[in-house]
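Have a look at the structure below, then the notes.
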Amino acid sequence: MMGTVYFGVVVLQFLASVQSYGTGAPASACGDMIPRHGVQPQPNPAPYTIQASSTKFQAGTPITVVIKGPDYRGVLLEARSGSDTTALGSWQTPPTNTKFLECSGNKQGAITHSNTNIKNNSTVYTWIPPATTKSIMFMATVAQQRTVFWVNVMSSSLTPSGGGGTALDANSGAERIVTPALMMLIFPLAVFHCLAAL
């Protein structure tokens, strides 16, 4: 009898862990991004990279994100700033086999898997930046299977666009400064030339 109860408890724990993995990361994983699989993550470097469509971002302008590497089944993807664990911005409609995960009180603050179907290099995530002056990076936990996963897969930093002006703006400003100075030099010469011609 005792053996049957013990067996039942083990089976239920196993099913609970499979269920939690199979339908997405739990909200408790938002901060440390470690799935509750009962095993340690694989050592880095991971066989994955995160590629964003731009190295700069502007509030409200979508950025697309792809996790490059071998096929994967599980994912937790967030945008963050530095060592802050707050999920920034919001994700647009999740691609097939994924869903939103509420993180940092943000209902669309993260993306996770909705099932264990394959995701791959053609799975494209779309992120909407918030209004911020901080650089951000994309951070992911990527699982090939329940017991084989990597944490702290990071993109390069993205910087906010604007704020410094473009090269064209800088040149235009220089022209606005230089032109009056040139006019002050040229005008007297032009007047002198006209008087000399009389």
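Computed from the coordinates by the stated procedures, all read-outs in this text should not be read as laboratory data. Predicted model, so just to flag it, every value in this text is computed and none were measured. No Cβ is skipped: glycine too gets one built from the backbone with ideal geometry, and neighbour counts run over all protein chains shown.
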Additional length obtainable on full extension of the chain from ASN97 to VAL148, 0.36 nm per residue less Cα span
16.5 nm
Interchain or sequence-distant (5+) residues whose placed amide H lies within less than 5 Å of the amide H of THR98 are SER114
Does the range 49-111 come out rounded, prolate or oblate by the C-alpha gyration tensor, with a ≥ b ≥ c the root eigenvalues, rounded set by a/c under 1.5 and, if not, prolate when a/b is larger than b/c and oblate if not?
rounded
In Å, what is the Rg of the alpha-carbon atoms in the range 31-162, and how long is Dmax?
13.7, 45
Would you work out the charge dipole size for the range 72-137 about its Cα centre, treating the Cβ of every Lys and Arg as +1 and the Cβ of every Asp and Glu as -1, and quote it to the nearest 20 debye?
120
Quick check on my link table: of LYS56/LYS119; LYS68/LYS107; LYS68/LYS99, which ones sit more than 23 Å apart, alpha carbon to alpha carbon?
LYS56/LYS119; LYS68/LYS107
SER90 long-range amide H proximity, modeled H, under 5 Å:
ILE128
Find which of PRO130, ALA143, SER54 sits farthest along the positive direction of the dipole of the range 52-170, computed with +1 on the beta-carbon of Lys and Arg, -1 on that of Asp and Glu, about the Cα centre.
ALA143
